[in-house]
1. Of GLY88, GLY76, GLY68, which residue is more than 30 Å from LYS152 (Cα to Cα) and either touching a residue at least 40 places away in the same chain (Cβ under 8 Å) or open to solvent by less than 60 Å² (accessible area, probe 1.4 Å) (or both)?
2. Scan (1) in contact with a helix residue (DSSP H, G or I) (Cβ under 6 Å, 6 or more places away or on another chain); (2) open to solvent by 50 Å² or more (accessible area, probe 1.4 Å); (3) within 16 Å of ILE132 (Cα to Cα); (4) not small (Gly, Ala, Ser) for the single condition GLN234 breaks and write down its number.
3. Report every pair of residues separated by at least 6 positions or lying on different chains whose Cβ atoms are under 9 Å apart, first residue within the stretch 287-311 and closer than 27 Å to ALA104 by Cβ and in contact (Cβ under 8 Å) with a residue 40 or more places away in the chain, second in a helix (DSSP H, G or I) and aromatic (Phe, Trp, Tyr).
4. Got at least one residue in the stretch 260-267 being touching a Cys at 6+ places or on another chain (Cβ under 9 Å), surrounded by 24 or more Cβ atoms within 10 Å (Cβ to Cβ), of a type in the set (Gly, Ala, Ser) and closer than 23 Å to GLU121 by Cα?
5. Can you confirm whether the stretch 149-157 contains a residue that is exposed (fewer than 14 other Cβ atoms within 10 Å of the Cβ) and not aromatic (Phe, Trp, Tyr)?
6. Counting just the residues of the stretch 272-302 that are in contact with a Ser or Thr (Cβ under 7 Å, 6 or more places away or on another chain) and farther than 20 Å from SER247 by Cα, which one comes out surrounded by the most Cβ atoms within 10 Å (Cβ to Cβ)?
7. Scan (1) open to solvent by 10 Å² or more (accessible area, probe 1.4 Å); (2) over 17 Å from the mean Cα position of the chain (by Cα) for the single condition VAL242 breaks and write down its number.
8. Within the stretch 244-286, which residues are without any contact (Cβ under 8 Å) to a residue 60 or more places away in the chain, part of a loop (DSSP other than H, G, I, E, B) and among the β-branched types (Val, Ile, Thr)?
Amino acid sequence: MQLVCYPYTLQLKNVFTLANSSRTVTPVILTEIHHGDFTGYGEASLPPYLGETQESVMKFLQRIDLSGFSSTTLIGEIMRYVDGIDVGNTAAKASVDIAIHDLAGKIKGKPCYELWGLNPEEAPATSFTIGIDSPEAVRKKAEEASAYSMIKVKLGKETDKMMIETIRSVTDKPICVDVNQGWTDKYFALDMLHWCKSQNVVFVEQPMPAEQCHDMAWLTAHSPIPTIADESFQRIGDLAAVKDVFSGINIKLMKCTGLNEAVKIIDRAKKMNLKIMLGCMTETSCAISAASQIASSADYIDLDGNLLITNDCFKGAKVQSGKVIPAALPGIGVIKCC
């Protein structure tokens, strides 16, 4: 098996917050693993908070030698080798994981979801994200989200109630909110969650800073809606720390090194009675299609990252009746188109 990687830059649509209005691109690294006549595709998306860059990912991936692995059935062994090369580098590792799963599915002639015995039609509907913006822009974005049965709203600023009230002036669809650690006072946060509940908000992501775990545990115990850990949860080793602090976890392939670990997280988290959210970064249809393979294992889905870019270089999973449904193709179900 041979690993090839190269940089790519995603051009973003005008869907981000006013505070981030200067952000127009997201760097990624695209990977390919070649084995005989087959090619598996992967991706590392690099939001700033992960601390990875195109340079660091390329440097890490160049240290990987897959020539000693003759079979793609050894995914667990391959990923243990990749994970042990160095700490961190989770998006870089995820790019290898996605590509090796794509390759394995193609060699077996089956979509990855079939290899896990999953049915993509059983996945919950995905949300569509609306960032913090002016009332006019928020209203327009809410109207554009007509194909989706749930709207995700970014909060954490002084405009929080305006954001939700503006959306409510357009639609009564269920809302989920992502506060991005923006509320620091637990009593204020609880008041906001009760108000959110009255506005048909079904759950909240990371309402308080990760370091305020005691306040967060108190908030979860009193909250009228489920609380989901995002910044507080990265990999499988974090489960013990969040199980009594949040109602659930947000799994992202770029945080947890890919599908191999994500499947293990889901199994263990369900045994802990934690709700499962499957999220994403700003990504191409490659990574979104990979995540869609396990979407039916989750309680909540937020896989709209490929809808936020103008230069998607893959064709794959599509939104059908509000759900992200993978293409019925071997592997992760993508076709490279650039």
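1. GLY76
2. Every condition holds for GLN234 apart from (3).
3. Short answer, once both residue conditions are applied: SER292/TYR113; GLN293/TYR113; ILE294/TYR113; ALA295/TYR113; SER296/TYR113.
4. Yes - at least one qualifying residue is present in the stretch 260-267.
5. No, there is no match, as no residue in the stretch 149-157 is exposed (fewer than 14 other Cβ atoms within 10 Å of the Cβ) and not aromatic (Phe, Trp, Tyr).
6. ALA287
7. Only one criterion is unmet by VAL242, namely (1).
8. VAL245
The values are calculated or read from the model by the stated rules, or taken from the named source; none is laboratory data. A quick note: this is a predicted structure, and the numbers were derived from the prediction, not measured. Using ideal geometry, Cβ is built from the backbone for each residue, glycine included, and neighbour counts are taken over all protein chains shown. Side chains are part of the model used for accessible areas, which takes the heavy atoms of the whole protein and leaves out ligands, DNA and RNA. Shrake-Rupley method; radii C 1.70, N 1.55, O 1.52, S 1.80 Å.
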